[in-house]
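Structure record follows, encoded as structure tokens.
The values are calculated or read from the model by the stated rules, or taken from the named source; none is laboratory data. This is a predicted model, so every value here is computed, not measured. Please note: Cβ atoms are built from the backbone with ideal geometry, for glycine as well, and neighbour counts cover all protein chains shown.
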């Protein structure tokens, strides 16, 4: 007699990823993440997202790299580089020799860095002009401060000390904004290179490194490095209007001219480019040149120097620099990693601002298989399933959409990490980071599972304003979680899939 | 800016002939450079001077100036000159005296002894003296910046206009990336010129001491530009003639104001405060005023827009009442017009009424300035000033102009402090109680009559400036008529005068140092007396519609105190005079209006340093806690209310930004 025992074999998913260890390195305000995707106790994929710290020095990064080397043996499967601001990539800049010893199998960029993409090249061209103009203006302004120009201009005025301080403060802020921009140097062909070239110089991209570019709407699944996971690409949008949105208010002046995106007039003047119409507003026949004029004499009269306007036009660089910061932030590669089985999502929007966030909800959809059935999902679905949120743009208000972002994070198992650290931060950011309402909302949603890069007490002081209420029980959780990492160079959490 | 380009073709600006001879040259000099203004066409971005236009040249004179041409910088020079001068002249006719630019305050080495010499200000260190330099001409730089910005610099006494490559909304109308010049916009020029004029009247209105101050500057500049725009009947005729059917004043003129808001864009306060195009009906509809806005909105442009909208609503109400009979006639009582075009006569009459009303409202607003406190202005103060100024000049408000204003303010939640109800009588500033100081007032008024006699015959602006200065600070030069200045007289006459303190809210008593006020040894005072400044003095002569004439002298006084707010465990606050750590400066001031015909004090409009109620009740000297708290709170703003630009570039109460108006106009 033969017995056949039929045993239904359920496929044991021992090789699919079922948890991820997320480590945020902390020396100052900036992003540097090490993600280790695990299947059981085996690390399936080692991923880095950015490596930067505002005003970071080599001494800040060395311990991080040591730690990463220890954890990964220096072999990183995927490096994600989100955007070109210094506080996300200066780690690579400062330590090329150390990174030389690392191997990066794949490096991921947004479509903006793809030198074969005409739209990207156009965008980079425009950005480069703006960036160089800001750099030139900043240099000129710093020169004025150094030469005590304002001291001499205002010397007879009552309250001259205040006026000088006011100008110096302004120049400081523009300098800070300017210091965020990496790409101020022209490449060989007179164009500013994409980050691909930059990262080759950083010894990160080597001949056998695979470089990939992503567009919003892309869906990555069945990646050999990430079994059991899929990745949604949410941004950056391929739309200059969205990229340049600074704030959420609508404009209803359809008749009014707006300054051209190219800011060509200012750039031409500050860079001294004499390429024709951009530079000179009027035909040369109207110029006074060497002719005498009592008005010219009046202007040049030393007695009336206090009324001259030789340097006021450079102050336009202030608003230009601010707009540019927002534009580059909006080029952030925004990714959502999802565990296929549980549909739980890890959201990493880098420094995306409102323009980027809102674009996720405009026409983007992905078709995925849920329980064997094909389903079309959108950004709201992704947000609803988010269980880990890397807080955008260091907890500023612009960095996290509310209605179209945080409000849609409805999971009751949410964890968040805040890459904000007062130890290193630009002084002008102190007014905008952290945003109290944003952080209090997140503390509530995460029930206290919020990790800070910086000193928890310092940051909580700024979060607990009169406008917000935070439950004591949540605060206790928050305190315990953060205290555990006191003195460590990273904060870390594990998210189950 | 299409709207303005269309305008230029239709408008001829009538500017008074400049006839004075200076430096051997008669009339307006090339630039143009004249009595009030010098246009210097220097572009610092490329370090080039442009050929100045000579409007006195017979060729140009004969054809009403240069033909409009965006490409010729001389036309730009002509434009800024013409619009600035129009604005100045409108102001002068409403104010009843010539426009003076704000003087330049400089430090000068003091070679005289501090004692025994007449001085207007006594806070200077013995080595340096502070003096006010006369500024004859406002400078205008038509091509000063490469930015979508234009601003008045209180420090340089100059207007700077920018130009930028524009992305037009409609590429069929304009080349993409074409250069747009802010100096070619009537509205922007008028707006900036008004900033300069207002600064000349009240230079402390750039001190950001409460949320209304800078908002007021923006709003007032918009109001003048807006209503000046409406005083050109041709502009209105086009708009009125283009209407079919519904002649509701609101839609008509509101739409025009809306276009003004669009043209002036981010340079002015207006934007969409007045109304908007309804996306469904595609028709313009007025914005329903929100009583909450005034309480919540703090950004100067948005806040200023509330004031502009209020004034505009008052204007509409008045206009509607003025043309009600016309409309009745034209529509045979139905209010609805027959099909087809409007009769040209009707269009003319409506346009002329609108233009007249605009002129009236503008005059009311400008005249109100004399009835405002010298610092820390609020919208409520301005409303009271409008009502008081109008009541002073026009006894019978038979068209209910004043009610129109009150209503418009009320609907927006703008209520003056300390007023029991919103009737014209309550809002009018009361006649001050001068029982205790009657004699001194009479003597002062007599002195001020001498001032009036001296100044009436002076037409030269510099001499007016100097005469004002003389009567404030005194004149002791050999060979000149000896004058004991107003400052000295107040210093002496109101020594320890509680009556005067109750009136002005400023400190004249011996216990001044406990209140944080510095001492002054001027005029040989020993022991020192409390320091104060006679901020301004001028003579105003106004003629009402009935031919009645007002003869007033207006004196403003300011005083500074160094204070600290202390809080006890229960949260109760107290204010003390203190010069140590955590102390801050609070300024008080008062506008006194003397009637030269009756020799009486008509009004005392005060921003007190003292708590006047306690002074009146118990004759106790205490600093004004309410004002101090408001000042402190305002100067330590929470980051929540800042725009991104403010958050990054603002000074957070640690000092002054370099150029307040450039800063304000940038977003």
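Only one of the numbered conditions (1) touching a strand residue (DSSP E or B) at 6+ places or on another chain (Cβ under 9 Å); (2) part of a loop (DSSP other than H, G, I, E, B); (3) touching a residue at least 40 places away in the same chain (Cβ under 8 Å) is not met by residue B:545, and that is (1). The residues of the stretch A:303-316 that are surrounded by fewer than 17 Cβ atoms within 10 Å (Cβ to Cβ), in a loop (DSSP other than H, G, I, E, B) and in contact with a helix residue (DSSP H, G or I) (Cβ under 7 Å, 6 or more places away or on another chain) amount to a single one, A:311.
The single condition from (1) surrounded by 15 or more Cβ atoms within 10 Å (Cβ to Cβ); (2) at negative phi; (3) over 19 Å from the mean Cα position of the chain (by Cα) that residue A:66 fails is (1). Check whether at least one residue in the stretch A:291-302 is more than 33 Å from the chain's Cα centre (by Cα), more than 9 Å from chain B (Cβ to nearest Cβ), modelled with pLDDT under 85 and assigned to a loop (DSSP other than H, G, I, E, B), and report yes or no. No, the conditions are met nowhere in the stretch A:291-302. Of all residues in the stretch A:146-161, those satisfying the criterion of being within 12 Å of chain B (Cβ to nearest Cβ) and assigned to a helix (DSSP H, G or I) are A:150, A:153, A:160, A:161. Identification of helices (runs of 4 or more DSSP H) wholly contained in the stretch B:1-100 with 3 or more residues that are within 30 Å of residue A:314 (Cα to Cα) and either within 14 Å of chain A (Cβ to nearest Cβ) or modelled with pLDDT of 70 or more (or both) yields B:2-10, B:73-95. Condition test on residue B:578, is it in the same structural domain as residue B:624 (by TED's automatic domain parsing) and loosely packed, with under 12 Cβ neighbours inside 10 Å? No.
For the stretch A:327-376, the set of residues classified as assigned to a helix (DSSP H, G or I) and either out of contact with any strand residue (DSSP E or B) (no Cβ under 8 Å at 6 or more places or on another chain) or within 20 Å of residue A:52 (Cα to Cα) (or both) consists of A:327, A:328, A:329, A:354, A:355, A:358, listed by residue number.
Against the test of being in a helix (DSSP H, G or I) and surrounded by fewer than 16 Cβ atoms within 10 Å (Cβ to Cβ), the options B:479, B:438 yield a single qualifying residue, B:438. Screening residue B:122 against (1) modelled with pLDDT under 95; (2) more than 7 Å from chain A (Cβ to nearest Cβ); (3) more than 30 Å from residue B:528 (Cα to Cα); (4) part of a loop (DSSP other than H, G, I, E, B) leaves a single unmet condition, (3).
Of the residues examined, residue A:282 is not one that is buried (at least 17 other Cβ atoms within 10 Å of the Cβ) and either modelled with pLDDT of 90 or more or in a helix (DSSP H, G or I) (or both). Note on the stretch B:126-139: among residues that are part of a strand (DSSP E or B) and under 19 Å from the mean Cα position of the chain (by Cα), the one that is nearest to the other protein chains (Cβ to nearest Cβ) is B:139. Filtering A:216, A:227 for residues that are buried (at least 16 other Cβ atoms within 10 Å of the Cβ) and at pLDDT 95 or above leaves a single hit, A:216.
Matching residues to (1) outside any loop (DSSP other than H, G, I, E, B); (2) outside the structural domain of residue B:288 (by TED's automatic domain parsing); (3) on the phi > 0 side of the Ramachandran plot; (4) touching a strand residue (DSSP E or B) at 6+ places or on another chain (Cβ under 7 Å):
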position: B:408; (1), (2), (3), (4): yes, no, no, no
position: B:419; (1), (2), (3), (4): no, no, no, no
position: B:425; (1), (2), (3), (4): yes, no, no, no
position: B:448; (1), (2), (3), (4): yes, yes, no, yes
position: B:453; (1), (2), (3), (4): yes, yes, no, no
position: B:458; (1), (2), (3), (4): no, yes, no, no
position: B:472; (1), (2), (3), (4): yes, yes, no, yes
position: B:492; (1), (2), (3), (4): yes, yes, no, no
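Checked against (1) free of Cβ contacts under 8 Å to residues at least 12 places away in the same chain; (2) over 25 Å from residue A:427 (Cα atoms); (3) away from chain B (no Cβ under 13 Å), residue A:98 passes all but condition (1).
Counting only residues that are facing chain A (nearest Cβ under 7 Å) and at pLDDT 70 or above, the stretch B:158-193 holds 7 of them. Among the criteria (1) more than 19 Å from the chain's Cα centre (by Cα); (2) part of a loop (DSSP other than H, G, I, E, B); (3) away from every other protein chain (no Cβ under 14 Å), the one residue A:454 does not fulfil is (1). When residue A:164 is tested against (1) in a helix (DSSP H, G or I); (2) out of contact with any helix residue (DSSP H, G or I) (no Cβ under 8 Å at 6 or more places or on another chain), exactly one condition is not met: (2).
Only a single item in (1) crowded, with 22+ Cβ neighbours inside 10 Å; (2) assigned to a helix (DSSP H, G or I) is not met by residue A:109, and it is number (2).
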